[in-house]
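Participant: Just dropping this structure here.
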Amino acid sequence: MQVDITITEPLSGVAAAATDAEAAGYQGIWTFEGSHDPFLPLLLAAEHTRDVSLGTSIAVGFARNPMLLATVGWDLQAYSGGRFILGLGTQIKAHITRRYGMPWSRPAARMRDMVLATREIWASWTDHGRPLDYRGEFYQHTLMPPLFRPDPAQVDGFGPPPIWLAGVGQRLTEVAGEVADGFLSHPLCTPEYLRERTLPSLSLGAVTAGKELSDIAIHHSAIVIVGGDDTERAAARAAVAWQLGFYGSTQAYWPILELHGRGELGPRLRDMSRQGQWQEMATLIDDDFIDLVAVTVDDPETAADELYRRYDGIVDRLGFNTPYRADPRLLADLCAAVRRHGASN
């Protein structure tokens, strides 16, 4: 497994964080669309690193359109020398319609159309004799004057970026297996959920496209609990409990709760979120469920063994998810331990 890190620094700190991440031995750097744009930090990361992969996990696809995705993806791929991964997710209806003011309908089918349209735009750029004529169910792109075509020489040797999709439910995961180059697993997903629900759905989608499951790279951002002492680890555990409660309030993630006998939690957490009881949500998350989802790092070597026990044979890339401010030195120690474990097996 390759080991990745997610950078959450403001733009002023991205260059130093990316340099430190590569020096610490991480093999990939990811950003996500939260309170800041996910693409801008990767331009700085590309400038200050040489070898690490750079990707969005995730950028909200439905907040944009295929032409915008094609353009920013092309530019980051060209500037990074072929190291960029365009990772997309759907978000949920309320955010797309109420936060972004964009249309929502049949998300799996729309995402499939978005990926195919983006690739067709790239194809029209890499082959200057090819007209742009994409007519999908949701997206139509039929105009590409020469002035707006980038030089295909910019991506010589590596081509446009791969597209990875995020998903939890069966239908979107099948779409990822069909049209994506990789899959981004949600941090709430347990190893059991990945084995019993995710891999079969990815396989179904892959078969549709004449592919094998092994053709699809899989990334999982594992929640880890780290701290310099028991007090810090207890605070980290409390933050993880709150994060799991927040995730559990979203109906799209309820199948994970149901798989582990906690189906009744979803509606309760959703009701609490609607009442603004954000802090109280953590009280519904029991210790056993925290330990199902998260790995506590008392010792890096022992934690590395546990991460391999859970995810070896399932994922190709492993990241560390910390919904609290973790000491980067402790995470770097864990990264080194995971890489040592992989090298010795």
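Participant: For the range 262-276, check the following and say yes or no: at least one residue is assigned to a helix (DSSP H, G or I), touching a strand residue (DSSP E or B) at 6+ places or on another chain (Cβ under 8 Å) and among the hydroxyl-bearing types (S, T, Y).
Facilitator: No, the range 262-276 has no match at all.
Participant: Can you pull out every residue in the range 243-277 that is hydrophobic (A, V, I, L, M, F, W, C) and either within 17 Å of A294 (Cα to Cα) or within 24 Å of the chain's Cα centre (by Cα) (or both)?
Facilitator: Of everything in the range 243-277, those that are hydrophobic (A, V, I, L, M, F, W, C) and either within 17 Å of A294 (Cα to Cα) or within 24 Å of the chain's Cα centre (by Cα) (or both) turn out to be L244, F246, A252, W254, I256, L257, L259, L269.
Participant: Looking only at the range 71-98, count every residue that is in contact with a strand residue (DSSP E or B) (Cβ under 9 Å, 6 or more places away or on another chain) and under 24 Å from T173 (Cβ atoms) and tell me the total.
Facilitator: Of the residues in that region, 11 qualify.
Participant: On to the next question. What are the residues in the range 210-242 that are farther than 20 Å from L86 by Cα, within 19 Å of the chain's Cα centre (by Cα) and either part of a helix (DSSP H, G or I) or acidic (D, E) (or both), if any?
Facilitator: V240
Participant: Pick from the range 82-99 the residues that are of a type in the set (S, T, N, Q) and under 18 Å from the mean Cα position of the chain (by Cα): which of them is surrounded by the fewest Cβ atoms within 10 Å (Cβ to Cβ)? It would help to see each step written out before you state the result.
Facilitator: First, pick out the residues of the range 82-99 that are of a type in the set (S, T, N, Q): 90-91, 97.
Narrowing further to those that are under 18 Å from the mean Cα position of the chain (by Cα): 90-91.
Numbers: T90: 25, Q91: 20.
Result: Q91.
Participant: Tell me which residues, restricted to the range 21-53, are free of Cβ contacts under 8 Å to residues at least 12 places away in the same chain and surrounded by 15 or more Cβ atoms within 10 Å (Cβ to Cβ). It would help to see each step written out before you state the result.
Facilitator: The initial filter retains those residues of the range 21-53 that are free of Cβ contacts under 8 Å to residues at least 12 places away in the same chain, namely 23, 35, 37.
Correct list: empty.
Participant: Consider the range 151-209. How many of its residues are over 14 Å from the mean Cα position of the chain (by Cα), closer than 23 Å to V3 by Cβ and not charged (D, E, K, R)?
Facilitator: Number of matching residues: 9.
Participant: So, in the range 236-262, exactly how many residues are more than 30 Å from Q170 (Cα to Cα) and either touching a Phe, Trp or Tyr at 6+ places or on another chain (Cβ under 7 Å) or modelled with pLDDT under 95 (or both)?
Facilitator: 1
Participant: Next question. Given L54, L88, L42, which one is part of a helix (DSSP H, G or I) and modelled with pLDDT of 95 or more?
Facilitator: L42
Participant: Test each condition in (1) in a helix (DSSP H, G or I); (2) within 25 Å of F32 (Cβ to Cβ) for S203 and report the one that comes out false.
Facilitator: (2)
Participant: Going by the conditions given, is A18 in contact with a Phe, Trp or Tyr (Cβ under 8 Å, 6 or more places away or on another chain) and surrounded by 15 or more Cβ atoms within 10 Å (Cβ to Cβ)?
Facilitator: no
Participant: Within the range 57-85, which residues are in a loop (DSSP other than H, G, I, E, B) and either hydrophobic (A, V, I, L, M, F, W, C) or touching a Phe, Trp or Tyr at 6+ places or on another chain (Cβ under 8 Å) (or both)? Walk me through it before giving the result.
Facilitator: Let us first name the residues in the range 57-85 that are in a loop (DSSP other than H, G, I, E, B), namely 57-58, 64-65, 81-83.
Within the range 57-85, S57, I58, N65, G81, G82 meet the criteria.
Participant: Right, something else. So is Y79 farther than 26 Å from T142 by Cα and of a type in the set (S, T, Y) or not?
Facilitator: yes
The values are calculated or read from the model by the stated rules, or taken from the named source; none is laboratory data. Please read all numbers here as calculations on a predicted model, not as lab measurements. FYI the Cβ positions are ideal-geometry reconstructions off the backbone, even for glycines, and counts take in every protein chain you see.
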